[in-house]
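Here is the structure we will look at, set down as structure tokens.
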Amino acid sequence: MKKLLCAAGLGLALAVSAGAQAADKIAVVNVSSIFQQLPQRATVAKQLENEFKGRATELQSQERDLQTKMQRLQRDGSTMKASDRSRMEKDVMSQREAFSSKAQAFEQDNRRRQMEERNKLLSRIQDAVKKVASDEGYDVVIDANAVAYAANAKDITADVLKQVK
């Protein structure tokens, strides 16, 4: 019984590997190169810059105001009344906390939007890869950055780039 199971397992493994080697038509594509060459990428970057411009300007203004108050506190703190210095220190601390939380929220929102737009572009590239692979009859398409060596694989990067544009 044990010999029969071993023989069946070995036969199945050989059949699967032989079938896979003989039938697959393989291509490679450089997705990162396509992403870098997309004209839509610059458009999206400009759109995101405009989307976050108001908040960035507000944060810069708030940062300048905070810096000015901190410098004034350092410069004049020793000559101020204790109550004035204490009030100014509390004001600077609260303003610093508010700035920090706004800056963190800005960074998170900016990063999230960049990822959303990046994923949209990558999805378009993926759809183009599928179309080119289907049209040209490829069974397997591998990212060129993930392949160390591929002797018989055709590079379809240019075809995919034409499809995406």
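Here are the numbers for this structure:
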read-out: Proximal aspartates and glutamates relative to residue 162, as straight alpha-carbon distance under 15 Å, when same-chain residues fewer than 8 apart are discounted; value: 127, 135, 136
read-out: For residue 90, solvent-accessible area (1.4 Å; no DNA, RNA or ligand), Å²; value: 140
read-out: Theoretical ellipticity at 222 nm over the chain - DSSP helices of four or more residues, -39500 (n - 2.57) apiece, nearest 500; value: -28000 deg cm²/dmol
read-out: Computed label-point distance, nm, for sites residue 41 and residue 124 using a 7 Å Cα→Cβ extension; value: 1.2
read-out: Under the Karplus curve 6.51 cos²θ - 1.76 cosθ + 1.60, θ = phi - 60°, whole-Hz ³J(HN,Hα) for the stretch 37-47, x wherever Gly or Pro sits; value: 8, 5, x, 5, 4, 5, 4, 5, 4, 5, 4
read-out: Residue 92/residue 53 FRET efficiency (R0 25 Å; Cβ-Cβ; nearest 0.05); value: 0.40
read-out: Distant-in-sequence amide H partners of residue 141 (H built 1.01 Å from N, under 5 Å); value: 27
read-out: Residue 115 accessible area, assembled protein chains, probe 1.4 Å, Å²; value: 90
read-out: The stretch 26-163 - accessible surface per residue (Å², probe 1.4 Å); value: 67
read-out: Pairs of alpha carbons in the stretch 26-163 whose separation is greater than 18 Å (percent); value: 69
read-out: Accessible surface of the chain [probe 1.4 Å, protein heavy atoms]: carbon and sulfur percent; value: 54
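The values are calculated or read from the model by the stated rules, or taken from the named source; none is laboratory data. This is a predicted model, so every value here is computed, not measured. Every residue, glycine among them, receives a Cβ derived from its backbone with ideal geometry; neighbour counts consider all protein chains shown. The area values use the complete protein model at the heavy-atom level, side chains included, leaving out ligands, DNA and RNA. Shrake-Rupley method; radii C 1.70, N 1.55, O 1.52, S 1.80 Å.
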